[in-house]
Every structure is written in C-alpha cells, then in structure tokens.
Amino acid sequence: MSTGKPEWIVPASIPFDDLKARDLEECVYWLLDAMGAQDLEWRVGGAGGGAADGGRDLEAKILVPDEDGELRPQTWWFECKGRKGTVESSAVKNAAVNASAFIHVDAVVIVTNTTFSNPTIDWVKSWNTSCQKQQVQLWDKSRLEQLISRQPSVVLRLFSKSLSLAGRLEALRTRFWNRIEFSPAQVLNDIWESRSDLEIDPSARFALIANEFANKSIETRPWAADAPLEDLFGTLQMALANVLYLRLRILSSGVNQEPIFRAIVYVILMALQKTTVDRVSRMIEILTAEYEGLSSPDDAVEMVLGPILNHLQFELTEVCVPDCPRVSRFQSGKATSDGESLDTYWRRFDSAGFSKVDNRFFWLEHQATPCDIGFPVDDQHGCPLISDDVKVENLTRLLTVAQRVSKVRIARSQEKRRLDEQKSADKKG
C-alpha cells in the first residue's frame, strides 16, 4: 500500500490539442463548477459550438477575499480560445475592451489550450495597472493543466484515461460526498483489481460501497468484507457520522436513496460479523447523542436512523423468508422482476394515469413450524423479523436478531459454495 502523496493526474494524457470551441468551454465549465463557482452560466448555442454570447462564453460568481479577509462574490467572465497555435493578441484585447463596457464585471479570464505571446502578456499587465476595477487574467495550457490536476472529478468526467488509479478513486470519492453522484462499474473494477496498491480511507471505502450498490455489483466487489477490521469500523463510523448530511443531501437533490441506505445496512451487517452487538449499538448511540441539543431530539433521531433500521429489517426479511418453512410472503397483485405492478403497468400509456399503486404484501406465519434460524417461537411468539416494531429504542434487539440471522445465512452460503466448488472439482477430475 502506498504511503506517499498519490499522483492523481497524468497530464500528458489530457488531449489539450483537441480542446476547441465547445469542448474547451465544457472543460472550463466543469472546472469552475468543481472549484465552487456560484451562479455558473454557460452561454451555449451559437456558431462554432459557442453562442452569440455578449462577450463571454461563461459567467460565474467567484468568492474573493476583500481587504478585511471577508469573502465577497465577484462577477467573472470567461472567454475560451481554442487554438492550434498562439492566441492572437487582438482576441485578448477585444475581450478586455468589450467587458469594460459592463460595470458589473469584475474580471475577465481568457482561457486557451495553447499559449499567449509575450507582447500579449505585457499588454495585460499594463491593462491591469491602469484599470483597477476590471482585471484581466490569462489561463494558458500550463495554468489550465495545473487547475485541472487539482480536480480529479473533472478529469474523470471528461478525460477518464488521464487519471491514475489513485486519481480515479479520489474523483469517485469527491463526486459521491460532494454531489451524491455515482461512477461507472468499470472504474470500480479497475480500483478493485489494484486495491492493495491504493490508500483507501473510510470516506473512500464507503463511497465505493455506495457506488457498488448503485451499480448492483456489491457481490462482485465486496468492499466491506475485504476490509481489515479497523478499516471496517472506521467505515462504519464514517457512515454513521454522516447519516444526517447524506439524508439532507438526498432530500435536497432528489437522488435515489436506496444505494446509500443499503450501503449503510451492508456495513452494519458486516460489522456484526466481526464484533459484538454492544459495540455496534454503542457507535449508533454516540451518533444519536449529537442530537440531544436539538429542540426535538427524538424526532431528529427517528428521521436519521428510522430509514436505516427499516431498511435493515426489510432487507433481512427479504433474504431470509424465501428459504423459511415457517413464514411465507404474498404480495398484492403480480409484479415484474424489479417490483413494478403488472396490474397497472399499461396505465403509463394512458393519459389518465393511475394515482395509487397497491404495493402491500402480506405475511403468513405457520405457528406449528419451528424457526429455520433457531429463534424460540410458538403460537405466542412469532418471527422477530416480522413481529417487532422497528424503533430506535429497540435498536439492540434488532441488531441481535440481525447478527444471528446474518451469521447463520452466511455460514450456509459459504458451505454451499464449498460444496459447489467440490462438485466442480470432482467433475474435472
């Protein structure tokens, strides 16, 4: 495992020569977005890939410290000049003069994939000396390369082959935590195959796990099962400490919450294989203690932990019941393999639509049949997965049930895999 500072970008692999017109504008757009620019506007639509843009290709608010150190938003214009050779001096002068007619513009940045001549650079210095209000900046290929190299998420989006594996991991991590965006399966596979050579901290590991669930590929690359003990606990702590943040980001962005909740459940279940219920419960209790100062701490805890505990119980029920002789599940109406109602499928082609889909399901418990996992059950005490009320105050009991169910099921799965491998070996022999 590497301990030095990773090289994220392979600059020579970025195709600067091909960054012309719209491609250069797109590169600058995503670069500014990653750098935290506000009110970012890309004036797309005109000839040559740009627009009849009024003197700029992009406009953004940039936070700049004032004399007192306070960050103040400034209006910056960006002109992109994709060239084969040196940018002509007239292009820079025209951009500066055009912008000077707009008193609300604080700075003009001319960006190129090549270079600026020395006379042009000298002219800009003279302009900035005489024009204190509106400054001009020149971003040539070297400056652009320097800025891009600090933003691996931009390179992953536009030039994925220019990223080292460490860079792809960092891009995946920042895209997840900053935007709740997911990366393609090939990136995950490349990182998995070289995981022993990479520094994977808890935030990166949880991002990898969430990405696997988004790609429905966690069985192919079981990141939590592969983690050393302390790394696993660190990942669990990272997930629990950021539950509220993730929950709020999900609500504000409208992204699919399933991959994130399932990732948290997966890490909890993996932790229960390697430590005690008390330790996992204590981690969660430390999290809930952070909300004691809120006006409605109980509501906050339920909002944050409720969906996780519900996912935990539901997921265990989903995978335990099919092999259970005691409990059977019946869903209202027929469904497709991914759970969509067959009764209402064709209503999507009807302008009247359908306001409500019946997704209810029903449990049938055979009280005379023993529990397949070994829980003590009778006609008074049913399956704990379907009879318990999922609440935070029942946390320890739910985790105890989860630990027992998962350990039994994992052991049986491993034994089945061993027998299947033995049969395969016997056939080859």
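Whether any residue in region 180-195 is touching a residue at least 40 places away in the same chain (Cβ under 8 Å) and within 29 Å of Lys407 (Cα to Cα) is what I want to check. No; the residues of region 180-195 include none that is touching a residue at least 40 places away in the same chain (Cβ under 8 Å) and within 29 Å of Lys407 (Cα to Cα). Looking at region 189-199, is at least one residue among the small types (Gly, Ala, Ser) and closer than 19 Å to Ile284 by Cα? No, region 189-199 contains no residue that is among the small types (Gly, Ala, Ser) and closer than 19 Å to Ile284 by Cα.
Please tell me if Leu398 is at pLDDT 75 or above and open to solvent by less than 50 Å² (accessible area, probe 1.4 Å). Answer is yes for this residue. Residues in region 284-318 that are among the charged types (D, E, K, R), within 28 Å of Glu230 (Cα to Cα) and either buried (at least 19 other Cβ atoms within 10 Å of the Cβ) or at pLDDT 85 or above (or both): Glu315 alone. In this structure, Thr75 does not satisfy being surrounded by fewer than 20 Cβ atoms within 10 Å (Cβ to Cβ), in contact with a helix residue (DSSP H, G or I) (Cβ under 8 Å, 6 or more places away or on another chain), not in a helix (DSSP H, G or I) and not charged (D, E, K, R). Counting only residues that are modelled with pLDDT of 65 or more, part of a loop (DSSP other than H, G, I, E, B), of a type outside the set (D, E, K, R) and within 34 Å of the chain's Cα centre (by Cα), region 340-359 holds 5 of them.
Mind checking whether some residue in region 219-230 is open to solvent by less than 40 Å² (accessible area, probe 1.4 Å), touching a residue at least 24 places away in the same chain (Cβ under 8 Å) and closer than 26 Å to Val392 by Cβ? Yes, because at least one residue in region 219-230 is open to solvent by less than 40 Å² (accessible area, probe 1.4 Å), touching a residue at least 24 places away in the same chain (Cβ under 8 Å) and closer than 26 Å to Val392 by Cβ. Comparison of Val327, Val321 shows that the only residue that is open to solvent by less than 80 Å² (accessible area, probe 1.4 Å), in contact with a Lys or Arg (Cβ under 6 Å, 6 or more places away or on another chain) and at pLDDT 80 or above is Val321. Look at region 307-319: where a residue is closer than 13 Å to Glu258 by Cβ and of a type outside the set (Asp, Glu) and a partner is modelled with pLDDT under 90 and part of a helix (DSSP H, G or I), sitting 6+ places away or on another chain with Cβ atoms under 8 Å, you get Pro307/Arg247; Ile308/Val243. Sort out which residues of region 251-266 are in contact (Cβ under 8 Å) with a residue 40 or more places away in the chain, of a type in the set (A, V, I, L, M, F, W, C) and open to solvent by 10 Å² or more (accessible area, probe 1.4 Å), and write them in order of number. The answer is Val255, and nothing else.
Entry remark, region 267-283: residues being within 22 Å of the chain's Cα centre (by Cα) and open to solvent by 30 Å² or more (accessible area, probe 1.4 Å) number 1 in total. Restricted to region 360-374, and to residues there that are more than 38 Å from the chain's Cα centre (by Cα) and hydrophobic (A, V, I, L, M, F, W, C), the residue that is most open to solvent (accessible area, probe 1.4 Å) is Ala368. Taking region 79-98 as the range and being in a strand (DSSP E or B) and within 17 Å of Asn128 (Cβ to Cβ) as the test, only Glu79 passes.
The values are calculated or read from the model by the stated rules, or taken from the named source; none is laboratory data. Since this is a predicted model, take the numbers as computed values, not measurements. Counting neighbours? That spans all protein chains shown, and the Cβs are built from the backbone with ideal geometry, glycine included. For the accessible areas, the whole protein counts, side chains as well, though only heavy atoms, and no ligand, DNA or RNA atoms are used. Shrake-Rupley method; radii C 1.70, N 1.55, O 1.52, S 1.80 Å.
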